[in-house]
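Visitor: Below is the structure I would like to discuss, written out as structure tokens.
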């Protein structure tokens, strides 16, 4: 970056960087707060990562309506993995018996925990009163669920009742742990480990593992003071869930993918790669694995310049290798990216300043048609090399460079 002013260097250090050099190439990518992102139908829409993975239920909703523990799922991806465990999907309540269960029986305790979880909080109560009521309700659910577990854990004929009791107990414990109570967090870990030691292939062990993943995700996204620790824990627990419970892949695959994206977004490359590599190894046939493999390829770029080739808007061939040894800025963009347009007022003067200092700028358009890209470049006076693929099936998000390196957010800047 010889000849580039310190102000220019500081500016680009705030962006995602890829240095294309024959001596010390390096790369990192940084997500901006709002970007244009790829959706299931190939359109571009502004969203955060949370649209792929809804956050764990907030404490305000504890016990009010959720039928499952706070979970993390990837949008529109349920068809990626076969659901081999149909019983685990919708058995959140016991079938209503012909005769109501007698008080004090395991069935009665399970029915009461389900009722408590669905009961709305008191109306017209202030926030503190509602939170207190919900905490007390979770404690009561724990008490009932533990009694049901005590009555069923040694009875082979009560397996389903036992499973429902453990699920209710773990859900309640998770909600209490999300308040930040260290004792509840420690107890949740102890209970999950206990179920795993008891029977590592059981539904209870799977529920415990999934609860730990949800807890880690919640804190990774909502506790900035120790987010780095919980991001790493999210990766670790998600990988364990995917490896240890092959029958739970319908849930575990989106969890591992989301953990990888969260870690990637926050610069935790090692933990992100752990998730992505595991997906590629265990479920290579899924869309999650396909995207994970591309992102992993990008995360391994430091020391290896990206392979970029294509046609310019002037229909001239281009090969990035021809620029080896020079500082190069790659800009992935689209004319209908509102985020890219909103940033141009700041980025365009800086890019032009860098170009005058010797920076080689290469734009990679993800427009669906060449005319839109040409019109935008002309109007905005983007006077640098612009690549755009016109090959069938390679427009938009199907651009081969974007697919090769898992570019799912626009704009993206690599220096």
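The values are calculated or read from the model by the stated rules, or taken from the named source; none is laboratory data. This one's a predicted model, so the numbers in the text were calculated from it and none came from an experiment. Counting neighbours? That spans all protein chains shown, and the Cβs are built from the backbone with ideal geometry, glycine included.
Visitor: Scan region 203-219 and tell me whether some residue there is within 28 Å of residue 108 (Cβ to Cβ) and over 28 Å from the mean Cα position of the chain (by Cα).
Guide: no
Visitor: Right, something else. Could you list, in sequence order, the residues of region 292-310 that are part of a helix (DSSP H, G or I) and more than 17 Å from residue 249 (Cα to Cα)?
Guide: 293, 294, 295, 296, 297, 298, 299, listed by residue number.
Conditions tested, residue by residue: (1) assigned by TED's automatic domain parsing to the domain that holds residue 222; (2) in contact with a strand residue (DSSP E or B) (Cβ under 7 Å, 6 or more places away or on another chain); (3) touching a residue at least 60 places away in the same chain (Cβ under 8 Å); (4) crowded, with 21+ Cβ neighbours inside 10 Å.
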| site | (1), (2), (3), (4) |
| --- | --- |
| 257 | yes, no, yes, yes |
| 276 | yes, no, no, yes |
| 280 | yes, no, no, no |
| 295 | yes, no, yes, yes |
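For every residue, the table says whether it meets (1) in a helix (DSSP H, G or I); (2) under 27 Å from the mean Cα position of the chain (by Cα); (3) closer than 23 Å to residue 272 by Cα.
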position	(1), (2), (3)
138	yes, no, no
158	yes, no, no
164	yes, no, no
167	yes, yes, no
175	yes, yes, no
191	yes, yes, no
200	no, yes, no
241	yes, yes, yes
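Visitor: In region 316-368, what residues are assigned to a loop (DSSP other than H, G, I, E, B) and either surrounded by 17 or more Cβ atoms within 10 Å (Cβ to Cβ) or touching a helix residue (DSSP H, G or I) at 6+ places or on another chain (Cβ under 9 Å) (or both)?
Guide: Within region 316-368, 327, 334, 335, 336, 337, 357, 359, 366, 367, 368 meet the criteria.
Visitor: How about region 369-415: which of its residues are touching a residue at least 60 places away in the same chain (Cβ under 8 Å) and in a helix (DSSP H, G or I)?
Guide: Residues satisfying the conditions are 373, 374, 377, 396, 397, 398, 400, 401, 402, 403, 404.
Visitor: Please verify whether residue 331 is assigned by TED's automatic domain parsing to the domain that holds residue 394 and under 26 Å from the mean Cα position of the chain (by Cα), treating the condition exactly as stated.
Guide: Against the criterion (assigned by TED's automatic domain parsing to the domain that holds residue 394 and under 26 Å from the mean Cα position of the chain (by Cα)), residue 331 qualifies.
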